[in-house]
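The values are calculated or read from the model by the stated rules, or taken from the named source; none is laboratory data. Keep in mind that this is a model prediction, so the values were computed, not measured. FYI the Cβ positions are ideal-geometry reconstructions off the backbone, even for glycines, and counts take in every protein chain you see. These area figures cover heavy atoms from the full protein model, side chains too; ligands, DNA and RNA do not enter into them. Shrake-Rupley method; radii C 1.70, N 1.55, O 1.52, S 1.80 Å.
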Amino acid sequence: MSDPWISTIDLKCRRSDRDKKTVLYCRKHTGPLMVQHPFYPEGEKKSCHIYLLYPPGGIVGGDKLFVNLYMNKNTKVLLTMPSITKFYFSKSSKSSSLTQYFFLEEKATLEFLPPETLLFPGAYAEITTYFYIQKNSKIIAWDNLSFGRTVLKEPFYKGNCNYQLQIWQSDILLLYEKLCISNGDLSIINHYPLLSTLIATPANEQLLNIVRKIIYNKRIIAGATLLDSSLLVVRILCNNDDYLRTILYKLWDVLRPEIIGDISFPPRIWFT
């Protein structure tokens with residue numbers, strides 16, 4: 001049996017004084033985690049698009065991945081991935097982990113829009129994401145968990161998942177989400193195979209009402225709330241991958257102009 005991967009990537013962004021664009025001035029990695037060369041499809045003074053890559057293609061028993069992004073003042077980043085994250089069946093029942101830290105300084109703007117995280121039956125996964133933001137930071141982010149392969153009608157009938165999401169603002173904990181799935185029991189999420197959490201700030205009551213109209217339909221179970229008067233939290237349970245993506249893209253299309261200040265510009269990798 002091969003040794004597990006231990007992989008870390010540290011990314012640091014700053015705003016160039018010369019041309020006012022966001023640059024990735026530092027990237028260090030150990031193991032297979034890496035990024036493509038950043039690019040600016042919306043213009044150099046708009047968001048810096050960064051694609052996070054994991055060449056092995058999947059996470060197996062014992063693998064540990066760490067992603068750390070540091071954003072200096074006034075930077076703008078859209079971070080996504082070209083493929084879904086896969087937690088494979090663990091023959092040894094060893095847990096694999098993905099831990100992500102995002103540090104935003106004043107007036108930093110982050111869009112973290114990864115594809116779904118797929119947990120194969122028999123996977124043992126620990127997924128933890130931390131956001132450390134300031135009061136004038138801007139963020140739109142989502143996290144999507146897929147339990148089993150819904151397209152193949154393969155349920156998540158065994159395995160564990162410990163999931164955590166924390167958002168801190170100036171040393172104040174704004175949100176702490178925790179989900180524990182044991183032995184393939186999805187009853188805590190009403191046996192839905194797809195779970196999505198979207199966060200956005202700064203938001204307001206008007207945006208909250210618009211979002212609620214989008215998610216109000218019979219094909220999903222969803223709710224939206226506004227925490228601390230500005231943090232929008234949307235939670236969705238669904239049975240269909242494509243429909244869930246459609247809802248998320250609609251939400252992003254509405255939220256981006258109001259929060260980021262730019263019209264939606266879907267990363268081209270989403271459609272390849």
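Working only within the range 82-96, note down all residues that are among the hydrophobic types (A, V, I, L, M, F, W, C) and surrounded by 19 or more Cβ atoms within 10 Å (Cβ to Cβ). Talk me through it step by step, then tell me what you get.
Going residue by residue through the range 82-96, those that are among the hydrophobic types (A, V, I, L, M, F, W, C) are 84, 87, 89.
Passing the criteria: only Phe87.
Taking the criterion of being open to solvent by less than 60 Å² (accessible area, probe 1.4 Å) and among the acidic types (Asp, Glu), the only residue of the range 162-177 that qualifies is Glu177. Just give me the residues in the range 251-272 being over 18 Å from the mean Cα position of the chain (by Cα), under 23 Å from Ala203 (Cα atoms) and surrounded by fewer than 16 Cβ atoms within 10 Å (Cβ to Cβ), in sequence order. Result: Pro257, Glu258, Gly261, Ile263. Taking each residue of the range 61-86 that is free of Cβ contacts under 8 Å to residues at least 12 places away in the same chain and looking for partners that are assigned to a loop (DSSP other than H, G, I, E, B) with beta-carbon atoms closer than 8 Å, six or more apart or interchain, yields nothing. Being surrounded by 17 or more Cβ atoms within 10 Å (Cβ to Cβ), among the acidic types (Asp, Glu) and more than 15 Å from Gly61 (Cβ to Cβ) is the requirement here; does Glu154 meet it? So Glu154 fails the test. For the criterion of being in contact (Cβ under 8 Å) with a residue 24 or more places away in the chain and assigned to a strand (DSSP E or B), Phe103 passes. Among the numbered conditions (1) without any contact (Cβ under 8 Å) to a residue 24 or more places away in the chain; (2) under 18 Å from the mean Cα position of the chain (by Cα), the only one that Lys153 does not meet is (2). If you go through the range 224-245 and pick out every residue that is open to solvent by 60 Å² or more (accessible area, probe 1.4 Å) and free of Cβ contacts under 8 Å to residues at least 60 places away in the same chain, you end up with 5. Of the listed requirements (1) under 20 Å from the mean Cα position of the chain (by Cα); (2) over 30 Å from Phe103 (Cβ atoms), Ile167 misses just one: (2).
Under the condition of being touching a residue at least 60 places away in the same chain (Cβ under 8 Å) and part of a loop (DSSP other than H, G, I, E, B), which residue from the range 178-223 is most open to solvent (accessible area, probe 1.4 Å)? Ranking the qualifying residues of the range 178-223, first place goes to Pro202.
Count, please, the residues in the range 97-150 that happen to be basic (Lys, Arg) and either buried (at least 21 other Cβ atoms within 10 Å of the Cβ) or within 28 Å of Ser182 (Cβ to Cβ) (or both). So that I can check it myself, show each step before the final result.
Going residue by residue through the range 97-150, those that are basic (Lys, Arg) are 107, 135, 138, 149.
Retained after the next criterion (residues that are either buried (at least 21 other Cβ atoms within 10 Å of the Cβ) or within 28 Å of Ser182 (Cβ to Cβ) (or both)): 149.
Counting residues in the range 97-150 that are basic (Lys, Arg) and either buried (at least 21 other Cβ atoms within 10 Å of the Cβ) or within 28 Å of Ser182 (Cβ to Cβ) (or both) gives 1.
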